2 protein chains.
Amino acid sequence: MKGFVVRFEPEGKKLTAHSESTILDLAKEVGVGIRSECGGKGKCGKCRIIVEEQHNLSEVTEIERKHLTPQEIGRGYRLACMTTIRANSLVFIPSESRLSVRRMQIWGMEQPVKLDPNVRKVNLVLEKPTLQNPVADDLNILTHLEKVCGLQDLEWEYELVKNIPDTVRVGNWNLTVTLLNDRRVIDLEPGDTTSRSFGFAVDIGTSKIVGYLVDLNSGEVVGFGSLENPQIAFGEDILSRISYAEESPEKRRRLQVLAVEGINKIVQTACGEAGVSPSEIYELTIVGNTAMFSLFLGIQTKYLHLAPYVPGVKGPVVVKAQELGINANPRASVYALPNIAGYVGADAVGDVLATNIHEMQEMCLLVDVGTNGEVFVGNREDIVSCSCAAGPAFEGVHIQHGMKAVSGAIERVKIDPKTFEVKYVTIDEAKPVGICGSGIIDAVAEMFKCGIISERGKFNDLETARMIRVEGKPEFVIAWSEETAIGKNITVSLKDIEEVQLAKAAIHTGCAILMEKKAVAEEDIDKVFIAGAFGNYIDPESAKFLGLIPDVPTEKITFAGNTALAGAKMALLSREVRKTAQRLSRWIRYVELMAEPNFQREFVKSTVIPYRHLERYPSVKKYLEEKHR
Amino acid sequence: MKGFVVRFEPEGKKLTAHSESTILDLAKEVGVGIRSECGGKGKCGKCRIIVEEQHNLSEVTEIERKHLTPQEIGRGYRLACMTTIRANSLVFIPSESRLSVRRMQIWGMEQPVKLDPNVRKVNLVLEKPTLQNPVADDLNILTHLEKVCGLQDLEWEYELVKNIPDTVRVGNWNLTVTLLNDRRVIDLEPGDTTSRSFGFAVDIGTSKIVGYLVDLNSGEVVGFGSLENPQIAFGEDILSRISYAEESPEKRRRLQVLAVEGINKIVQTACGEAGVSPSEIYELTIVGNTAMFSLFLGIQTKYLHLAPYVPGVKGPVVVKAQELGINANPRASVYALPNIAGYVGADAVGDVLATNIHEMQEMCLLVDVGTNGEVFVGNREDIVSCSCAAGPAFEGVHIQHGMKAVSGAIERVKIDPKTFEVKYVTIDEAKPVGICGSGIIDAVAEMFKCGIISERGKFNDLETARMIRVEGKPEFVIAWSEETAIGKNITVSLKDIEEVQLAKAAIHTGCAILMEKKAVAEEDIDKVFIAGAFGNYIDPESAKFLGLIPDVPTEKITFAGNTALAGAKMALLSREVRKTAQRLSRWIRYVELMAEPNFQREFVKSTVIPYRHLERYPSVKKYLEEKHR
């Protein structure tokens, strides 16, 4: 039997199988944890997984029909212990079936904002109408609102209008009005409910959806939720999802529904945690890259990947939560923040808002490291931006032993420059299963630092037991098989190094070209912000040694965390921030790297570790010189 | 068998039956025309009628099941030739089954307005995006709109957003944007469609729904439609419909759906006539009395008839046509004009707008004659208004031979003061079937003028063959049985006269009390406007002799026709008019007659023909003095 590749998401682990096996067995083989309380006998029904390509699987068994509804089966749910697989497939493990939970970056740097949310609740005590003054109920409310808040020309949600007369009488002329943007009445409740007003800020990442539940009266985060983006089952990267969406309007709709269901799950989690009813959520703010923004809103994405890579809709987009199927107050509103360009999204606007580089006098470099990295260079005078197709190497994809940042992932690597002995740290201090992004950056940077590889990424001829040959090709052992949970050596191969070089070159090229555009050299940069859920775990020294970011003093570097979500939260709390977001989305200049004449040349230079011209990496140069002295 | 009463609507004719008979036979007996091409054999299926109280009817036959769908049967449809009836019932004859069409007042006096509709279409020729300038499609549209019209901060209908990228490319970067109130994008079409922009103005009357299809580019009426209000099947007057709506939310919903279906029918008629697609209608303006407004919008009406008679919702109300189920562009908007009070509705605001009394220096009296009459006294300084429960006598109800203004109705009556011979005119010059409102006003006024009745409405002792006795009570014959289509004398009875006295007293009391409020006497009134679909057919001399309106010189009286609909049309064409409507709805003072201390006294005085104090009717006084001289 010809080999076939099975990939497990969200771990990002894959293996080549050569015979028809159950999915549960394959998962064990590759070190991915799936719940299986009954030990694979089809009794507990816990090992639920989702596979899109159903035709690669064995028939649905009677046992599975007991544990899964026909709707679930229709949506690709199976039991891992009962299902065998025989061709290339992607297996998605929903959170309820997972043994280990992925690490999520929830926190992000943010700026303090003056509390001025788009949602306002006002308690009114009306005068009862009389024969002498038979004032209409709606006018009664409106005139009191004008008296209390000075608001005029308000609009009503039609659904509310129908029940105005009953609502005012149930509340015995005491009621609470909820206003959107001081313009539209979106709720009417008997009594005083002003203390219960919540919003929800969401970052729809390509791989994760994270969200804050925020009390709009205090501005405090009162709950949060996070989840793998369920769209992963239909394509790991943006391009494959866009291609999937293009196949039919139904598929486009399917991806939209998945994103909405994902948001509903984190709303549920956060609300449960905080003792808040989803009906008390009156507004949601959404950030995401332009593709996630478009897929979430069901926008045609076809032209996003055709030159000139125009975002069909840049936004902002305001839509009723109910129209999208989001579980919140029936008249809640969704504000999807605006994007900058086809590949610099609203999440990047969030990065800018949260780091505040648009108001700084200092020259800033902002890098959001991810599959689609974004780079900004500038300050309050002018900001240029670009997108870098780094690819998913830093998410552990295309790396032989790569994996995402879940339990058992090697996240830190140190190599002794003399003995080449390796020290590593794993997430949750579990036995190693693979290497995640920060681990692979560390590993390659350390290998270069210690002279194990050259600046071209080739292995030097060294005497150490850790240099082994697999199928004739050299690999460097990070963890010996007996130390690992998978019973195999965890190594870094020549191809892995190449993947890392390409990924880091993509980011660095973005930095270099933007710096050139702004005529800014490394020494002119006053501040560097590294953002992204992932970015927080990178070792800054490794990042510089690898040449992922320019060589600036470490004290100038700030790890900013999930600034995209922080920006969404700021927009939830302040209408002024929204205006700024809209301004930024038009004001920040976008540089299309593809259209830059020296893009190719710069990219090739950037594949060198740390860079073709070592003079631009003085701290690395100094280290190497000292080492060789 | 005890007698039972069957009433036919919209004719308003009724008869007492004593044995179970087919509805078709009863209709023939009372002179109401129902189509019946097969002669009552159940073959043609044309005699479709609607009866609410199904339990008073014979079982549904197999023949009926052939001609009617189960849905129709569920909604009360039957075939008149196959259905027998055995208890008090209301039979509604839908327009498609009618032989004679009711006369509708479509025309109304109106004021010229500066064309500035709420809907605007703009044709844009966009620049194609390039790699150097990869402008997003939505921003491309918005910046061009700003360039062309100076509009900023526009909002998008979400349904449009999804297809922006496809729409701009289908149109090859040439497209037409439709804006609502210069604020919201409600349509996006490839190419230039600016010449196709329509609106629809509707007056939902208690008994009729009438509408204009209007070209928003020219302001011209290009089609119209009219229909009996289908709600009549569930209550002829406002109070019985409100009571029906209160019985359950489903019944409230049912009345709403009937109003919407009625509007859809006249939209269909008007569009068919004008070669316009309903999807080219972008806005509808709606007027109606407060109860019709509320039932159309599905608003709780319970409190309308409980003191202090507060209109739950005064309006204006803006709602998407689609949310109501109205057949127009999917993103069309409905603007329901504001009301003044519980019984002075948006239709009355339309009356004021169309007659322009709020801008006049002259002292005006405006009377909208109808089942619920409205009266206004004032000018640009100040206007007071009230509602008069005239009852349906002028619609022919509660009058022995009363009927609505359809073929065969006697609409003009002249009596020779010497011979007491009667001349009459019928609608369509058909053989008389009954007497409609203007006919009964003429008849009673003439009977008074000729001394047949006293100022108290009692028959004087006269020698004429036309004075007959029926069951011992005196009646005056207007048409002898051999002249009529029903083979019976058409007469005016003592009770008929009493009904007319009560109805005219209600209107006159409104006029008198408002005039007193404003300290205005008959000679101070410069202009009288008589509005209402019905009002146009009243003879002004008869109205004065009867004491329906104050005694002012005939040249000061203007019959204004359907000013309610004209006002709705003005609001469709001008945003300024809408602002005025809103202002008027709050500015016009409302007088609750019930709360007036001298209401009862004034009402009793007003039942006298023309009035208790003849000095207030100098022209009548002069006529009577000359006659007796």
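Since every read-out is calculated from the coordinates, none of them should be taken as a lab result. Computed from a prediction, not measured in an experiment: that's the story for all the values here. Heads up, the Cβs are rebuilt from the backbone with ideal geometry, glycines too, and the neighbour counts pull from every protein chain shown.
Filtering B:377, B:334 for residues that are touching a residue at least 12 places away in the same chain (Cβ under 8 Å), within 12 Å of another protein chain (Cβ to nearest Cβ) and buried (at least 24 other Cβ atoms within 10 Å of the Cβ) leaves a single hit, B:334. Reported count of residues in region A:454-481, each being touching a helix residue (DSSP H, G or I) at 6+ places or on another chain (Cβ under 8 Å), of a type outside the set (D, E, K, R) and not in a loop (DSSP other than H, G, I, E, B), is 4. Screening region B:99-217 for strands (runs of 3 or more DSSP E) wholly inside it with 2 or more residues that are more than 30 Å from residue B:265 (Cα to Cα) and more than 14 Å from chain A (Cβ to nearest Cβ) returns the ranges B:119-125.
Condition first: more than 14 Å from chain B (Cβ to nearest Cβ), within 21 Å of residue A:363 (Cα to Cα) and in a helix (DSSP H, G or I). Can you find one or more residues in region A:546-554 that meet it? There is at least one residue in region A:546-554 that is more than 14 Å from chain B (Cβ to nearest Cβ), within 21 Å of residue A:363 (Cα to Cα) and in a helix (DSSP H, G or I). Among the residues of region B:482-499, not a single one is assigned to a helix (DSSP H, G or I), closer than 13 Å to residue B:401 by Cα and of a type in the set (Ser, Thr, Tyr). Within region A:353-370, none of the residues are out of contact with any strand residue (DSSP E or B) (no Cβ under 8 Å at 6 or more places or on another chain), within 13 Å of chain B (Cβ to nearest Cβ) and crowded, with 21+ Cβ neighbours inside 10 Å.
Yes/no matrix, rows are residues, columns are (1) within 20 Å of the chain's Cα centre (by Cα); (2) farther than 16 Å from residue B:505 by Cα:
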| residue | (1), (2) |
| --- | --- |
| B:379 | no, yes |
| B:411 | yes, yes |
| B:430 | no, yes |
| B:445 | no, no |
| B:449 | no, yes |
| B:456 | no, no |
| B:464 | no, yes |
| B:468 | no, yes |
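Of all the criteria given as (1) part of a strand (DSSP E or B); (2) touching a residue at least 60 places away in the same chain (Cβ under 8 Å), the one not satisfied by residue A:222 is (2). Of the residues making up region B:555-603, those that are over 18 Å from residue B:118 (Cα atoms), among the hydroxyl-bearing types (Ser, Thr, Tyr) and part of a helix (DSSP H, G or I) number 2.
All of A:85, A:49 fail the test of being among the β-branched types (Val, Ile, Thr) and under 24 Å from residue A:269 (Cα atoms), apart from A:49.
Return the residue satisfying two criteria in turn: it lies in region B:304-330 and is of a type outside the set (Gly, Ala, Ser), farther than 22 Å from residue B:207 by Cα and part of a helix (DSSP H, G or I), and of such residues it is nearest to the other protein chains (Cβ to nearest Cβ). Of everything passing the filter in region B:304-330, B:323 is nearest to the other protein chains (Cβ to nearest Cβ).
Per-residue answers, yes or no, for (1) touching an Asp or Glu at 6+ places or on another chain (Cβ under 7 Å); (2) buried (at least 23 other Cβ atoms within 10 Å of the Cβ); (3) touching a residue at least 12 places away in the same chain (Cβ under 8 Å); (4) of a type in the set (S, T, N, Q):
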position	(1), (2), (3), (4)
B:538	no, yes, yes, no
B:555	no, no, no, no
B:560	no, yes, yes, no
B:563	yes, yes, yes, yes
B:587	no, no, yes, no
B:592	no, no, yes, no
B:601	no, no, no, no
B:606	no, yes, yes, yes
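Contact annotation: residue pairs with Cβ atoms under 6 Å, 6 or more positions apart or on different chains, pairing a residue in region B:238-250 that is in contact (Cβ under 8 Å) with a residue 24 or more places away in the chain with a partner that is of a type in the set (Ser, Thr, Tyr) and surrounded by 14 or more Cβ atoms within 10 Å (Cβ to Cβ), are B:238/B:206; B:242/B:301; B:245/B:301. Whether any residue in region A:67-75 is away from every other protein chain (no Cβ under 14 Å) and crowded, with 17+ Cβ neighbours inside 10 Å is what I want to check. Looking for residues that are away from every other protein chain (no Cβ under 14 Å) and crowded, with 17+ Cβ neighbours inside 10 Å, one finds at least one in region A:67-75, hence yes. Report, by residue number, each residue of region A:159-190 that is of a type outside the set (D, E, K, R) and free of Cβ contacts under 8 Å to residues at least 24 places away in the same chain. Within region A:159-190, A:161, A:167, A:170, A:171, A:172, A:190 meet the criteria. Just one of (1) touching a helix residue (DSSP H, G or I) at 6+ places or on another chain (Cβ under 8 Å); (2) assigned to a strand (DSSP E or B); (3) farther than 10 Å from residue A:91 by Cβ fails for residue A:49. It is (3).
Scanning region A:261-300 for residues that are within 14 Å of chain B (Cβ to nearest Cβ) and either more than 19 Å from the chain's Cα centre (by Cα) or in a helix (DSSP H, G or I) (or both) yields A:290, A:291, A:293, A:294, A:295, A:296, A:297, A:299, A:300.
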